[in-house]
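Report on one structure; see the data block that follows.
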Amino acid sequence: MHQDALELQNKAVDIRKKIIELSAVAGGGHLGGSLSMADALVALYYHVLKYDPKNPDWPERDRFILSKGHGALGLCPVLCDAGYYAEEMMANFNDLDSPFGMHPDMNKIPGIEMSTGSLGHGLSVAVGVALSGKLDKADWRVFCLLGDGECDEGMVWEAAMSASHFKLGNLTAIVDRNGYSLDGPTEEIMALEPFAEKWRSFGWDCCEVDGHDMDQLLEAFDKVGDAGGDTPTCIISNTVKGKGVSFMENANEWHYAGCDDELTAQALEELEACRPERG
Amino acid sequence: MPKGFTWTTLDVDKFATREMYGKILAEIAPTDDRIVVLTSDLMMSNKTGDFARAHPERFFNFGIAEQNMMGAAAGFAISGKIPFASTMAVFASLRCAEQLRTDIAYPNLNVRIISTHSGLSMGNGGTTHHSTEDIAITRSMANMTVIVPADANCCAKVIVESLEYQGPIYMRLGRGAEPIVYKGEFDFEIGKANTVREGGDVTVIACGICVMAAIKASRKLEKEGIGARVIDMHTIKPLDTEAIVKAADETGKIITMEEHNIIGGLGSAVGETIAEAGLGVKFKRLGIPDIYSTIGQPDDLYERYELDADGIYNAIKGLLQ
């Protein structure tokens, strides 16, 4: 087992519980997709990315773009925990004039590189950032987390084509493959498979991992080359929508929803029960 | 010279705004390493080849994928670059409306959207390639500055000034064969209209290629003893409302003139200003009368839609009756 894996598994439990707590404060949220991507986010923010929360504009930082902007409910507690801002700042999540809503705003939330929310846009932005990095011969890398459903968008594939064309080895896409878009299973709504083959045929190195297996996630991220490479990497992170809460798992009515006090308590209890034994 | 769109090749009599765009960028690039130039398989017709040859490492051709180009432009901007992203106006404003609004204008990024072949300048390309909605679309995006240079010299001023300007700019270039309005030294400031002909009887507020047509009509009217003021409203947003109110006060008659649908563009912006100022003036909008423009050479189209010197001359005479 990877030396960091156990610690990060615990961190993922913490983050999932914060997602539930925050959704209670916010009166609901994109729970399914935020819970599914939590492990990949934890791997990124506590193992992969270089950043300085006290200096969000640090020029040497790695860049992370959340293309599935509706995952703000998952990302914002991570940024908070990583030290970008105090928890009190999220106390009015979703309220009038709050910096925090369903989708992240780069001009309101420290640590957010790009305002996202309209699906399909993030990878193109990441391509522009990666091209800038190459132009400046920078060592930092670019990571972009997409939803699987948003890969229905043509713009994703325009971006994918250009990333390999421009030899963006400094760019890594992670697709949170939770198998659902808003209306149902992706393979029923708009089939994505053979998904990995699509990325490979667009010139990317592509691997698939169990997105809830921290060991596999860390191994995949550790294999990503440095910024000087020529080939972009796609990590398809196979996940369960609503992961960790029994009544939310693969239950699409929890794509965007809120828990009452009783369900909140149950969710937190179930998540705590997922905590691994400390070695 | 190949047959077809002869007006996209170098015009020996007139100086092309699009040619100027590529030239000026190539010239100023060594002074500012933030400049990057993006195109979508239109390097030849956008005249960005000069830049591509001089600075190949800062030139990015995205192929026929405008939305990805605009998204990437946002990515360059958040990385501290000043991207000049060019494609035809119809694609920049319609196909990429959401990228302009959500990826560029909403985060208030320093992207310069250089839209070429605007208005009717694609001529016999027909409606699919005419861009008569782009001013309306872009001026309704908060944070977006909208500029329609009248000629190549004005275009050069905008490019240079844009390096120190904060926020996104939509710059609308036309057929690339606009007659020169500004010769020698002239004042130019984004957001400040230029009065290019004085006159006290009527005011024409125009932008782009319409400015020269209005100047010609004004000269003709002068011989008849009619003073037709011509204002080059190169910046549609932020709008120089002071110049409009002053003209309305002093001349009492306003005609707007633009290579755009009469709905939503310069005419609408001027009309809103006059109405909110509570001024009762005679007012007319010249432009495409809310129809899809027909096929034809640009000059024939300008004549058809009264956007040439005769058109504005007749419109002024009509308003004065």
- [ ] Count the DSSP beta bridges whose two residues both fall in chain A, then state the antiparallel fraction as a percent rounded to the nearest 5.
- [x] 10 percent
Open item on the list: Quick check: convex hull of the Cα atoms in segment A:5-273, volume per residue, rounded to a whole Å³?
Closed with: 110 Å³
Open item on the list: Considering only C-alpha atoms, what is the centroid distance from segment B:301-321 to segment B:241-286, in Å?
Closed with: 16 Å
Task: Sites excluded, GluC sites (Glu not before Pro) in DSSP loops with at most 12 other C-beta within 10 Å, longest stretch of chain B - done: B:1-163
Task: Part-to-part distance (alpha-carbon centres) for segment A:111-171 and segment A:50-90, which is given in Å - done: 18 Å
TODO: With springs only between Cα atoms under 10 Å apart, run a GNM on chain B and tell me which of B:Lys183, B:Lys23, B:Lys253 wobbles the most.
DONE: B:Lys183
TODO: For A:Thr231, list long-range residues whose amide hydrogen, built 1.01 Å from N in the peptide plane, is under 5 Å from its own amide hydrogen.
DONE: A:Gly169
Open item on the list: Relative contact order for chain A: what percent, with Cα pairs under 8 Å and sequence separation of 6 or more?
Closed with: 25 percent
Task: Percent antiparallel among DSSP beta bridges (both partners in segment A:133-279, rounded to 5) - done: 10 percent
Open item on the list: Can you list, by residue number, the Cys in chain A that have no neighbouring cysteine C-beta under 4.7 Å?
Closed with: A:Cys76, A:Cys80, A:Cys144, A:Cys151, A:Cys207, A:Cys259, A:Cys274
Task: Nearest 10 degrees, 0 to 90: helix B:309-320 Cα axis against chain B principal axis - done: 40 degrees
Task: Beta bridges by DSSP in segment B:165-321, antiparallel share as percent, to the nearest 5 - done: 20 percent
Open item on the list: Can you tell me which of A:Leu75, A:Leu182, A:Leu66 moves the most in a GNM of chain A? Springs connect C-alpha atoms under 10 Å apart.
Closed with: A:Leu182
Task: Relative compactness, segment B:11-172, computed as alpha-carbon Rg over 2.2 N^0.38 Å - done: 0.93
Open item on the list: Show me, for segment B:47-62, the HN-Hα J-couplings you get by feeding each phi into the Karplus relation (A = 6.51, B = -1.76, C = 1.60, θ = phi - 60°), rounded to Hz, glycine and proline as x.
Closed with: 6, 8, x, 4, 5, 4, 6, 7, 9, x, 6, 10, 10, 10, 9, 8
- [ ] Provide a whole-number value for the mean count of partner chain Cβ atoms within 10 Å of the Cβ atoms in peptide A:154-160.
- [x] 5
Open item on the list: Skipping prolines and chain starts, which residues have an amide H placed within reach, meaning under 5 Å, of the one on B:Phe283, given they are 5 or more residues away or on another chain?
Closed with: B:Ile254
- [ ] Could you list which residues have their amide H under 5 Å from that of B:His234, counting only those 5 or more apart in sequence or on another chain, with H placed in the peptide plane?
- [x] B:Asn194
Task: Taking segment B:194-320 and dividing mean pair separation by its residue count, relative contact order in percent (alpha carbons under 8 Å, at least six apart) - done: 28 percent
TODO: Enter the angle in degrees (range 0 to 90, nearest 10) between the Cα long axis of helix B:17-28 and the first principal axis of the Cα atoms of chain B, meaning the one along which they spread out most.
DONE: 50 degrees
TODO: Per DSSP H run of at least 4 residues, take -39500 (n - 2.57); add these up for chain A, divide by its residues and hand me the 222 nm value, nearest 500 deg cm²/dmol.
DONE: -11000 deg cm²/dmol
Task: Computed over segment B:11-172: relative contact order in percent, which uses C-alpha pairs under 8 Å that are six or more apart - done: 24 percent
Task: 222 nm mean residue ellipticity, helices alone, for chain B (DSSP H n ≥ 4; -39,500 (n - 2.57); rounded to 500) - done: -9500 deg cm²/dmol
- [ ] Round to a whole angstrom and tell me the spacing of the C-alpha centers of segment B:124-171 and segment A:200-268.
- [x] 42 Å
Task: Inter-chain shielding of A:115-122 (mean C-beta neighbours from other protein chains, 10 Å cut-off) - done: 5
Open item on the list: Using the Karplus curve 6.51 cos²θ - 1.76 cosθ + 1.60 with θ = phi - 60°, what ³J(HN,Hα) values do you get for each residue of segment A:45-60, in whole Hz, with x for Gly and Pro?
Closed with: 7, 10, 9, 9, 6, 9, 6, 10, x, 7, 9, x, 8, 3, x, 8
Task: Choice from A:Ile174, A:Ile109, A:Ile236 with maximal GNM fluctuation in chain A (Cα, 10 Å cutoff) - done: A:Ile109
- [ ] Compute the long axis of helix A:5-26 from its Cα atoms, compare it with the longest principal axis of the Cα atoms of chain A, and write down the angle in degrees, 0 to 90, nearest 10.
- [x] 60 degrees
Task: Averaged over B:25-38, number of beta-carbon atoms from partner chains that fall within 10 Å - done: 1
Open item on the list: Students often check this: by mean Cβ neighbours within 10 Å, which of B:84-94, A:55-65 ranks highest, and how do the rest follow?
Closed with: B:84-94, A:55-65
TODO: Quick one: what are the phi-derived ³J(HN,Hα) couplings along segment B:291-302, Karplus 6.51/-1.76/1.60 with θ = phi - 60°, whole Hz, x for glycine and proline?
DONE: 9, 8, 5, 8, 7, x, 5, x, 4, 5, 5, 4
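Read the figures in this text as sums done on the coordinates, not as results from a lab. If you're wondering where the values come from, they're calculated on a predicted model, not measured in any experiment. Reconstructed Cβ throughout: ideal geometry from the backbone, glycine too, with neighbour counts over all protein chains shown.
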